[in-house]
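Novice: Can you keep this structure in mind? I'll have questions shortly.
Readers should treat all values here as calculations from the given coordinates under stated rules, not as data from a laboratory. Since this is a predicted model, take the numbers as computed values, not measurements. Don't worry about glycine lacking a Cβ; one is built from the backbone with ideal geometry, like all the others, and counts go over all protein chains shown.
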């Protein structure tokens, strides 16, 4: 058996036949079983690596390889496919959040000489990619864009005195099996390409389609962000990092607002620097979330306009005043549902504290402060007012990922 005879175009021809016949017919025709360990991933589809290599060998030499001919095992086949520039994943791609989080905890991060602290290059790059997914931007990014956006992050949030080398995570994140690189010349895939190759060919890299699909779930995405931060970024100022990396929506339980648009103003400025004339105005077109006002009225009615956290009953313009607060924000990046189970009746002050992640509700229904400066007390709740624990758990997750403070040097 000589896998070295197989060329890139032979593999492509075999995958085309695989698609034409269908997996079951293809495997039965050529006498192969389903892959147990290695799968070829091409254009979002998965192929049994041994079967593809065996049929590709037939295209290359006229000598079809059978399952019994692979003396070197599936690992040898996978190595040859990777040499030809293909993505090969070990075992099943992460098909659920638990598998994704397990792989995030086991990144093959490097450590410098005499330093046991793991490098932050891969974790920071993954957070950057997760931010792109949260913002619904394309998952694959060309090398120049990755270099220009991730490079400064490595300088700002990487380990002290660590050299910013964005080419390393760009290439080596493939080992996580959550990342792929496309566009590197076949003859160079055995080892990390030189910078000159990256600059000349502009390959693309990003999360695999399977990982990206999982991260579109806001709950899994928050768990992934928390896992990366807790495992590799213990001493990083997370709020500063989130703002910088495009995850600013995770420093509050509310939704991201639309950015302000520049406008013109007829107001002038007097000699003391004070504004004169009418307040500035601007024309704007924006998309806003339409809330169910009947639900807001319902939660206020059930709780008697009394804050469920502090018990305060406010009055405004001679009427009771309270606010319907969503536990998990409706808009980006949280995408919570507009339902009674996702609502609390709060006073304005507690609403600000709750959205600002200063207070949360623990699994026992006690309201606590994230800074441990509040005496815990039960969340008031009318028996007719259901509250979904999953939404409270999501809010606690936001509080957790923002609670850790950078170490003081």
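Novice: Would you mind calculating the gained length between residue 159 and residue 202 on full extension (0.36 nm times residue separation, minus the Cα-Cα distance), in nm to one decimal? Walk me through the numbers on the way to the answer.
Specialist: Working: separation 43, 0.36 × 43 = 15.48 nm, distance 2.74 nm.
Gain on extension, residue 159 to residue 202, equals 12.7 nm.
Novice: Which distance in Å, rounded to a whole number, links the C-alpha centroids of the stretch 165-228 and the stretch 325-350?
Specialist: So the separation of the two Cα centres works out to 35 Å.
Novice: Oh, and also: Could I have the simple spin-label model distance between residue 98 and residue 12, label points 7 Å from Cα toward Cβ, reported in nm to one decimal?
Specialist: 4.1 nm
Novice: Using the beta-carbon distance between residue 375 and residue 348 and R0 = 22 Å, what value does 1/(1 + (r/R0)^6) give for FRET efficiency, to the nearest 0.05? If you can, show how the numbers build up before the last one.
Specialist: Details: r = 21 Å, r/R0 = 0.98.
With a Förster radius of 22 Å, E is 0.55.
Novice: To continue, here is another question. At a Förster radius of 35 Å, what calculated FRET efficiency corresponds to the Cβ-Cβ distance of residue 216 and residue 318, to the nearest 0.05? Provide the component values of the computation, followed by the final result.
Specialist: On the way: r = 47 Å, r/R0 = 1.35.
Given R0 = 35 Å and the Cβ-Cβ separation, E is 0.15.
Novice: Let me ask something additional. Hey, with R₀ at 56 Å, roughly what FRET efficiency would residue 79 and residue 137 work out to, going by the Cβ-Cβ distance, to 0.05? Can you show the working numbers first?
Specialist: Numbers: r = 33 Å, r/R0 = 0.59.
E(calc), rounded to 0.05, equals 0.95.
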